[in-house]
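One structure is given below, encoded as structure tokens.
The values are calculated or read from the model by the stated rules, or taken from the named source; none is laboratory data. As the structure is a computational prediction, the values presented were derived from the model and not from experiment. Cβ sites come from the backbone with ideal geometry, for glycine too, and all protein chains shown count toward neighbours. What goes into the accessible areas is simple: the full protein's heavy atoms, side chains included, and nothing from ligands, DNA or RNA. Shrake-Rupley method; radii C 1.70, N 1.55, O 1.52, S 1.80 Å.
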Amino acid sequence: MNDGAIVDLIVETVEGYRVSTGGEGGPVARETALFGPSGALDSLGLVSVLVELEQKVADRLGRTVSLMDDRAMSQASSPFRTVGSLADYLGAQLSGGASGR
Amino acid sequence: MTARAGAGARTPARAHFEAEYSPLASDDPSLGSAAVLPWDEEIFGFAVGDYRPASRGELASRTGLLSEALANWSQARTVELVGCRVPASDTALTALLESVGFRMVELQLRATLAPLRSEAAAPPRISVRTADPSDRARILEIASSALRMGRYHADPRFPRAAADHRYRLWMQRALAEGEGTWVAVAGPPGSVRGFLHAQISGPAADIRLAAVDADAAGIAGPELFRGAVHELSRRGVRRVTARMSAANCSVLNIYASLGFRFDEPESVLHWHSPDAPHLVSPDPGSPRP
């Protein structure tokens, strides 16, 4: 899965969450802030999106990734700042050979 | 989040710092009672009082006496700020108190999860563990910078630095306390992203304060609370309570997601001594120091 496809998957997931919760906001793109004062999501929304994203990766790629764990907490800079930083983090897990199913 | 989890705003270790209430006016007990809060006085270096008002009926026709008694009581004790809590539904009492100089600074709610069942919270996906001495510096750093809720932070006349300092000392004290006090942290050693302080008494726990580093991954807040509830359940706790600002939607939503229910809405009001040297300008256009 290339970077563009990962970004598309994240955008689809964030927009799906927004629709399901009746949330509003502008278009979601690579540079969109996910969390924080100007972010697209609150903390619970972020958790929901990450869980959904893990499930989509499992369903579509047959791969198991764990986006919410101590590795994420240990990053010098949060991987959940923007769509792009999350795409990089997910891409690294996928290319790093996370355990398959 | 202050995420920012400025959960409760009560004083830890109450047993050691119990305020002693006495009539606001010694010659007229019907005006209510007041006390100097020892813990806050120790932290701020100036006295802070707490007023327990009489009923609206008792006070309604005597606001002039109340105003005078409040000023005299504060002046005699060099109190610069007096806090007061009233049921949020009693808007008439709030209006009466505002007529003598109190200003509402915060609406608080109580959150309760009871009975806490073992399946109430799934295990967290990040480390949520009992704090150890190596976490101390990080906890104090977060405590003094991450909290934006609580009545002192909400009061535009109260210096932000003093409010931050209060939470730092709060956690210093909590970390030094023994049985019954639990401090949990979110994140592995060396990467602590948040903390939670609770008092545990048998089957009951009261979450007193929680905060997450604003720059940390956004998942730390929900996972911290989930992990804390999970651990409390594992320890045999069956009832968890907390008080929080109604403005703290982020934390309210986290509590709601864990099954907490909300009640006891209270208006928190502050009265400032007219010549209080430590308080900041009431000019709404001025940034708070």
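Each pair of Cα atoms in segment B:39-139 enters the Kirkwood radius, and Stokes-Einstein at 10 °C and 1.306 mPa s then converts it into a translational diffusion coefficient of 89 µm²/s. Rg/Rh for segment A:18-101 (Cα atoms only, Rh after Kirkwood) is 0.96.
Along its three principal directions, the equivalent ellipsoid of segment B:190-289 from the Cα gyration tensor extends over semi-axes of 31, 19, 13 Å, largest first. What is the list of residues in segment B:29-53 whose amide nitrogen lies under 19 Å from a point 7 angstrom out from the Cα of residue B:275, following Cα to Cβ? Within reach of a label on residue B:275: B:46-49. Under 10 Å, Cα contacts only: if you run a Gaussian network model on chain B, which one of B:100, B:82, B:240 comes out with the highest mean-square fluctuation? Greatest mean-square fluctuation among the candidates belongs to B:100.
Give me D for segment B:215-265 in µm² s⁻¹, whole number, from Stokes-Einstein with Rh from the Kirkwood sum over alpha-carbon pairs, 25 °C and 0.890 mPa s. All intermediate terms of the calculation are to be shown ahead of the outcome.
Values: Rh = 12.0 Å.
Answer from the Stokes-Einstein relation: 205 µm²/s.
Rolling a 1.4 angstrom probe over the protein heavy atoms with all chains in place gives the protein assembly as shown an accessible area of 43 Å² per residue. With a cut-off of 8 Å between alpha carbons and a minimum separation of six or more residues, what is the relative contact order of segment A:1-69 in percent? After rounding, I find 24 percent. Evaluated on the protein assembly as shown, the Kirkwood hydrodynamic radius is 22.7 Å, with distances taken between all distinct Cα atoms. Surface composition of segment B:165-266: carbon and sulfur atoms hold 46% of the protein heavy-atom accessible area at a 1.4 Å probe.
The relative contact order of segment B:170-289, computed from alpha carbon pairs under 8 Å that lie at least 6 residues apart in sequence, is 17 percent.
Rounded to the nearest percent, how much of the accessible area of chain A (1.4 Å probe, protein heavy atoms only) is carbon and sulfur?
Values: 2410 of 4760 Å².
Carbon and sulfur together cover 51 percent of it.
Rounded to two decimals, the Cα-based Rg/Rh of segment B:96-217, with Kirkwood Rh, is 1.02.
Between the residues A:26, B:219, B:271, the greatest Cα displacement towards the positive end of the dipole of the protein assembly as shown, with unit charges on the Cβ of Lys, Arg, Asp and Glu, is found for B:219.
For n ≥ 4 DSSP H runs only, could you compute -39500 (n - 2.57) per run for the protein assembly as shown, divide by its residues and tell me the 222 nm figure to the nearest 500?
Details: 14 runs with 147 residues, N = 390.
Per the formula, -11000 deg cm²/dmol.
Top mean-square fluctuation among A:36, A:84, A:26, Gaussian network model of chain A, C-alpha springs under 10 Å? Highest fluctuation among the options: A:26. Contact order for chain B, expressed relative to its length and based on alpha carbon pairs under 8 Å spaced 6+ residues apart, stands at 32 percent. For chain B, the membrane-span-like helix rule (DSSP H, alpha carbon extent of at least 24 Å along the helix axis, mean Kyte-Doolittle at least -1.0) picks out B:160-176; this says nothing about an actual membrane.
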